[in-house]
Amino acid sequence: MKRVEVGITDAEDEELKRVSEGMGLSLSLEEMRRIKQYFVMKNREPTDVELQSIAQAWSEHCCYKSSKNVLEAFIFGIEAPQNIVVIKEDAGVLEFDEEHAYVLAFESHNHPSAIEPYGGAATGIGGIIRDVVCMGAQPVALVDPLFFGPLDYPDEKLPEEVKHPRFLFTGVVAGISDYGNRIGIPTCAGMIYFHEGYVGNCVVNVGCVGIMKKADLRRSMAKTGEVLVLVGGKTGRDGIHGVTFASVELTGEEEFRSAVQLGDPITKEPLMHAILDANEKRLISGMKDLGGGGLSCAVSEMCHAGGCGAEIHLERVKLKEEGLSAWEIWVSESQERFLITTEPDKVDELLEIFEKWDVDATVIGTATNGEENTPQIRIFHEGEKVSELETDFLLSCPVYVRPREVRMKEREGLVEIEEPEEYNEILKLVLASPNIASRDFVIRQYDHEVRASTVLKPMQGRVGKETHGDAAVIKPLEESYKGIAITSDVNPSFCKLNPFWGAASAVDEVCRNLTSVGAVPHSFADCLNFGNPEKPDRMGEFYECCRGLGYMASSLGIPFVSGNVSFYNESAAMRESIPPTPTILGIGLCADVRECITVDVKDVGNFLYLIGETKEEFGGSEYYKLRRVEGGIVPRTNPEVLRRSMEALREAMGKGLIASCHDVSEGGLAVTVCEMVLGGDIGASIDIAGVTRNMRNDYTLFSESNTRWVVEVWSEEARRFEELMNTRGICIANIGETIGEKRVLMRDSDKKLVNLSLEEVRKAWIGKIG
Amino acid sequence: MNPTICILRIEGTNCELETFLAFRRLGASAEIVHLKQLIGAVKERERRNLRDYDLLVIPGGFSSGDYIRAGAILAARINGALGEEIAAFIQNGNPILGICNGFQVLVEMGLLPGFGAHEEREMQQAALTTNDSARFECRPTLIKHENRGNCVFTQGIEKGCIMKMPCAHAEGKFFVDERKRERYIQLLEDNDQIVFRYVDSDGTYASYPWNPNGSLYNIAGICNPEGTILGLMPHPERAFYAFMDSEWSRRSRERGKEKGNAYGDGKKIFESVLNYLRSR
């Protein structure tokens, strides 16, 4: 007997709850009642396969039931001429040049990484690469923003079921390194952020950028009469209920390990080649990667998009082990698989290509429309019908307008702290703080240069003296000098205090980073990581963050093109949610990669300028954290000022006035200058007297106000630079010059503040997170 | 005659495209060939014969996943299925280049250092083992060209020339059994088999991070006694153009308008071997 029925049409509420729980459906009572009603109408009991299919399709992960209305209000629908396919698919597709498009995808892999960091992070990369490949694109870059609890978190404070941040951090980095390096796509951007709020639930986001000919674009859509082919890895019990597991709070229980998939880059790598090969030969009509929900989601979403149904034969699916029941085959999230649709007369040629690459490919069914008005998906297992569902019902996911409550944790005004007497020590401490110190030892574990197209690397500067770059730049095409600049950012400490301005600051910072290298910001992807949306304060944070993102992006006219929402990022053991984490992946375009600007100062005797206004905005700042005080407002931003500043700065770059450029973020002006001089291994003498009026020196040095950059201007171009900025109405301050002596000197007119050798600065910055 | 280049790949190879492009940019007729095509495990029209190529390249990557010692699986597969063809290929004086994983494969195959009959006939005389840092290391390296003219891949490069190209590997430490160490280094020197050694920015042999893996004698690349087989850990194909270099932006201003013609140090290796093949 392959067909297993589950009696729910007579069930009371308690029984319905038990069914949802017992089968691992993670459906609410309300949702179970709706399913019951449907089958009462059909006058039959559902099968296990049917209930599992619905649970996948209605999971938060697959259908965005809590977030959809908010996303539609703020994030979706930003029109831009570069949009080709945005929001509708797993990845956004945008214009690169006349003939080519670039593809952008961004996702979270938080829960799996919190349970099994190595495998979780690795499969995160696998999944995001599939999202890009299934559009028909060649992946060219990976991005990994990571968020953990403090590495020195005391063991005695850690609940038993929570894994130590250091274990998670090491495992995630190793997973990315082992999988990303093998797959042969450079990991060239990302971020690492530490905050107590991630102790119970780390956040692992992964993005991928691809390039393609526009003519190779494929949609995730099936049409009547087409053949459905499952390609890639075999199907097993790994990754069962990944999506439903991602749609509840973490309990820390090891039973969820089975929800973490196993990655295999050496299956994926030829699979990717085979797919791109077959697509170029026009043998693929549509495709979709098998991610959350496995076959269940891929088949139903492709059919629904094409307005057809399907007939599937599960016994044809190649298995890792015998004895999987029908529903397990149907919802397994085993990695490295794609669903391809093709025309019947192309099947043989298609299968031949996969054979050549030693990759399994199996015809598992056909797209049908049948005689019915509403298309159905019929699933057979060894001849027996185990499921028959209308796609309309299956994909009629509930949408919730969850109650929300906005609790503003921000407190205005400055906190009384004493001005430091000794600036050398305080600067060294700021440089060594976990969110500022060098990430060199992590970045170097990722192959960021495979494909030989990484023109600006994540670490920039003199060999052996490299510093953090603002954005990486990829030259994706052999025959063109056009480049793609890539960066990702968010400041969760800002978002926690003020979700609206925190999110707005993330957009500001991403734009600053892209502008630093000389790129024009072109598109965003968002990975929205939040707590349990059923709790009104969490929902309030989500709502405010989305509003902030939408405000900035729509004012700037830069579209959000893809991304995902990850809720339930909180663990019962820690009794708290992660800080709101709307990570932004920003893409900019560079007309000629050989014109790009790097962070490291280039020569002695050049002038240093600060662009933008410095304000007393210390909420969530690294300086306040170091001084162990809370309070202050998070930095505000004005999209109009940002736009004008970016344009003026790019104009100065285009005229050849700028030698190096770095945006001002965590740690403020002082840290920015240090990072620039470290990369160039050239000293600098700074006078902050012209930066602010009546502001304390420590505030001027460490403020994290938005929309600011430090630029090194070629010595003979200072006048042209000043004139240009003045005509464009941009606030600048001459803050000093680069000097022959390898020292960092900072002063306020006659008052000496900092006097450190470059080696002392480097030693502090290389710090302790390794 | 235009040299024909066979760029060998199997599952897990991942630097084949940029290696292919390096040769194509220099006008050579390069082809990416799957091992299956050479051993006949494909349809007739897809088959290739090693005899038809002038140069064999084993590019970087993680052949077969490298889940055991790096390069071991591909080495065993080549030796098993293609041993005679390879021997004949080398016998005819055709060069072989192994970059990164390719170097690991050549060492595992016993082709490097390849001391030959006067040494004990053991398959493998050296190893490329786990980096001293125990981590994958992706970073620019400076390597000094030390060959006195034996190696056909560097005949166009001046001795003592310091070149810059990135490395990216977890197992790149050149290693020889302690008892043989002194003798082997002497042999490598005597036979003019040492091609590249890691140095610092002053040109001095230095330790980590300049020597990214802790390699014995700072060895970054060696050739066989005949000079026709070269293996190196750094990636010349990632240093073909100037804009691939990690410090290009520090020089971009002087270069000015000529930027389009600027090349990196890696190009010289491809050029040298093509010159060798063309003059043969």
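Structure summary
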{"item": "Residues of segment B:26-77 satisfying the condition of being of a type in the set (Gly, Ala, Ser), at pLDDT below 90 and more than 22 Å from B:GLN104 (Cα to Cα)", "result": "B:GLY40, B:ALA41"}
{"item": "Filter result for the condition that a residue is part of a strand (DSSP E or B), within 12 Å of chain A (Cβ to nearest Cβ) and surrounded by fewer than 22 Cβ atoms within 10 Å (Cβ to Cβ), over B:LYS173, B:LYS164", "result": "B:LYS164"}
{"item": "Test result for A:LYS320, basic (Lys, Arg) and closer than 28 Å to A:GLY124 by Cβ", "result": "yes"}
{"item": "Count of residues meeting criterion [in contact with a helix residue (DSSP H, G or I) (Cβ under 9 Å, 6 or more places away or on another chain) and more than 14 Å from chain A (Cβ to nearest Cβ)] in segment B:127-143", "result": "2"}
{"item": "A:ALA101 being surrounded by 24 or more Cβ atoms within 10 Å (Cβ to Cβ), hydrophobic (A, V, I, L, M, F, W, C), outside any loop (DSSP other than H, G, I, E, B) and at pLDDT below 95", "result": "no"}
{"item": "Residues of segment A:444-465 satisfying the condition of being more than 7 Å from chain B (Cβ to nearest Cβ) and touching a residue at least 24 places away in the same chain (Cβ under 8 Å)", "result": "A:SER453, A:THR454, A:LEU456, A:PRO458, A:GLN460, A:GLY461, A:LYS465"}
{"item": "Evaluation of A:GLY200 against (1) of a type outside the set (S, T, N, Q); (2) assigned to a helix (DSSP H, G or I); (3) crowded, with 24+ Cβ neighbours inside 10 Å (one fails), failing number", "result": "(2)"}
{"item": "Only listed residue being touching an Asp or Glu at 6+ places or on another chain (Cβ under 9 Å) and among the basic types (Lys, Arg), chosen from A:ARG643, A:ARG636, A:ARG628, A:ARG650", "result": "A:ARG636"}
{"item": "Members of segment A:571-601 found to be among the aliphatic types (A, V, I, L, M) and either part of a loop (DSSP other than H, G, I, E, B) or within 14 Å of chain B (Cβ to nearest Cβ) (or both), listed by number", "result": "A:ALA572, A:ALA573, A:MET574, A:ILE578, A:ALA591, A:VAL593, A:ILE597, A:VAL599, A:VAL601"}
{"item": "Matching residues, segment A:749-770, being under 12 Å from A:ILE688 (Cβ atoms) and surrounded by 20 or more Cβ atoms within 10 Å (Cβ to Cβ)", "result": "A:LEU753, A:VAL754"}
{"item": "Qualifying residue in segment B:179-196 (condition: within 14 Å of chain A (Cβ to nearest Cβ), in a loop (DSSP other than H, G, I, E, B), touching a Pro at 6+ places or on another chain (Cβ under 9 Å) and modelled with pLDDT of 95 or more)", "result": "no"}
{"item": "Residues being under 30 Å from A:ARG3 (Cα atoms) and modelled with pLDDT of 95 or more - total across segment A:395-434", "result": "0"}
{"item": "Test: residue in segment A:365-381 that is assigned to a loop (DSSP other than H, G, I, E, B) and modelled with pLDDT of 95 or more", "result": "no"}
{"item": "Residue under evaluation B:LEU274, criteria (1) in contact (Cβ under 8 Å) with a residue 40 or more places away in the chain; (2) at positive phi, criterion not met", "result": "(2)"}
{"item": "Verdict on A:VAL399 being more than 14 Å from every other protein chain (Cβ to nearest Cβ), aliphatic (A, V, I, L, M) and more than 25 Å from A:ILE176 (Cα to Cα)", "result": "yes"}
{"item": "Residue in segment A:467-477 that is in a loop (DSSP other than H, G, I, E, B), within 11 Å of chain B (Cβ to nearest Cβ), of a type outside the set (Asp, Glu) and farther than 30 Å from A:GLU759 by Cα present", "result": "yes"}
{"item": "Answer residue from segment A:507-560, given it is assigned to a helix (DSSP H, G or I) and of a type in the set (Lys, Arg) and is surrounded by the most Cβ atoms within 10 Å (Cβ to Cβ) among those", "result": "A:ARG512"}
{"item": "Positions within segment A:179-193 being surrounded by 23 or more Cβ atoms within 10 Å (Cβ to Cβ) and out of contact with any helix residue (DSSP H, G or I) (no Cβ under 6 Å at 6 or more places or on another chain), in sequence order", "result": "A:ASN181, A:GLY184, A:ILE185, A:PRO186, A:CYS188, A:ALA189, A:GLY190"}
{"item": "Qualifying residue in segment B:53-64 (condition: buried (at least 21 other Cβ atoms within 10 Å of the Cβ), assigned to a helix (DSSP H, G or I), away from chain A (no Cβ under 14 Å) and not small (Gly, Ala, Ser))", "result": "no"}
{"item": "Residues within segment B:66-77 that are over 19 Å from B:HIS235 (Cα atoms) and either within 11 Å of chain A (Cβ to nearest Cβ) or charged (D, E, K, R) (or both), tallied", "result": "4"}
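The rows are residues; the columns are (1) assigned to a helix (DSSP H, G or I); (2) touching an Asp or Glu at 6+ places or on another chain (Cβ under 6 Å).
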position: A:ALA80; (1), (2): no, no
position: A:LEU94; (1), (2): no, no
position: A:GLU107; (1), (2): no, no
position: A:GLY120; (1), (2): yes, no
position: A:ARG130; (1), (2): yes, yes
position: A:MET135; (1), (2): no, no
position: A:ALA141; (1), (2): no, no
position: A:PRO150; (1), (2): no, no
position: A:PRO159; (1), (2): no, no
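The values are calculated or read from the model by the stated rules, or taken from the named source; none is laboratory data. In this text, all values refer to a predicted model and were calculated from it rather than measured experimentally. Ideal geometry is used to build each Cβ from the backbone, glycine not excepted, and the neighbour counts take in all protein chains shown.
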